[in-house]
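Quick notes on the structure that follows.
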Amino acid sequence: MNFDSWQVLRDGSGPIVDPESYLDRWVGDLVAHRLVGNTAAVAGFCAGNAFAIEMVHRIATTGGSRPALVMFDPEPVDVVTLCHQYRLAVDRMAHELGRRVASEPDVTHTMATPLSEVAADLSRRYEDAVRRTLDALGVEADLGVELVGHFDRYLDYLCAASRLGLPRSQTAAQVSVPAVRRVPRGSVAPSRSY
């Protein structure tokens, strides 16, 4: 199997925010390797659940049986998601340097701001933070290009997932495993159904 096709990659012509680009490649790989009929389940994690849902539908329409859908911590992608991922990435750099290396994302981003605009802004901020971090460490700028490229591809992936969304109802058999955050011993974590 060609695992390169499962990576989140840009084709060099700019950001990929069309989920079809990912899905066509991934499902096409399953078809090419005759794995469609042997796919028992499709699992998704966080934003990737939107892709998993669509893959289940596509596998079923390509002649295979409908696989089970397993969703881990299903989360829709929105402005808050992108800003949170930016903050996580920047805080990791800050931890390495022992100080803050970038400003907070603009508070002017609202839920109505198009995700592509938010992603472009956060990419610029991240690139600036990486440049300042590498300068402070005395590291070559080439590493920064690679780091920014990885972050940009992740933002592309999140934007593409947001275009699919997470429907509230599913026709496929599914198991949803939400993240458990500080649930007192003996109690049951609240579950969301998508």
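The values are calculated or read from the model by the stated rules, or taken from the named source; none is laboratory data. From a predicted model like this one, the values you see are computed outputs, not experimental measurements. Neighbour counts are summed over all protein chains in view; Cβ atoms, including those assigned to glycine, are modelled from backbone coordinates with ideal geometry.
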Next item on the list: Out of the residues in segment 52-64 that are hydrophobic (A, V, I, L, M, F, W, C) and surrounded by 19 or more Cβ atoms within 10 Å (Cβ to Cβ), state the one that is nearest to D24 (Cα to Cα).
Entry: M55
Notebook entry, point to check: What is the number of the single condition among (1) surrounded by fewer than 20 Cβ atoms within 10 Å (Cβ to Cβ); (2) not assigned by TED's automatic domain parsing to the domain that holds A112 that N49 does not meet?
Noted result: (1)
Checklist line | Those residues of segment 37-56 which are hydrophobic (A, V, I, L, M, F, W, C) and not in a helix (DSSP H, G or I), in sequence order | finding: A40, A41, V42, A43, F45
Margin query: Which pairs turn up if I take residues in segment 134-153 that are within 23 Å of Q85 (Cβ to Cβ) and look for partners that are outside any helix (DSSP H, G or I) with beta carbon separation below 8 Å, at least 6 apart in sequence or on another chain?
Written below: L134/E140; A136/V101; G149/R10; D152/R10; D152/P15; R153/V8; R153/L9; R153/R10
Item checked: Count - residues of segment 120-144 that are of a type outside the set (K, R), assigned to a helix (DSSP H, G or I) and under 17 Å from R92 (Cα atoms) -> 14
Item checked: segment 65-82: number of residues that are without any contact (Cβ under 8 Å) to a residue 60 or more places away in the chain and surrounded by fewer than 18 Cβ atoms within 10 Å (Cβ to Cβ) -> 2
Item checked: Residues located in segment 121-152, provided they are modelled with pLDDT under 90 and under 30 Å from V70 (Cβ atoms) -> H150
Item checked: Subset tally (residues that are more than 25 Å from T113 (Cα to Cα) and either of a type in the set (V, I, T) or within 25 Å of the chain's Cα centre (by Cα) (or both)) for segment 131-160 -> 9
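Yes/no matrix, rows are residues, columns are (1) outside the structural domain of P114 (by TED's automatic domain parsing); (2) among the hydroxyl-bearing types (S, T, Y); (3) touching a strand residue (DSSP E or B) at 6+ places or on another chain (Cβ under 7 Å); (4) modelled with pLDDT of 85 or more:
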| site | (1), (2), (3), (4) |
| --- | --- |
| F3 | yes, no, no, no |
| Y22 | yes, yes, no, yes |
| N38 | yes, no, no, no |
| R58 | yes, no, no, yes |
| P67 | yes, no, yes, yes |
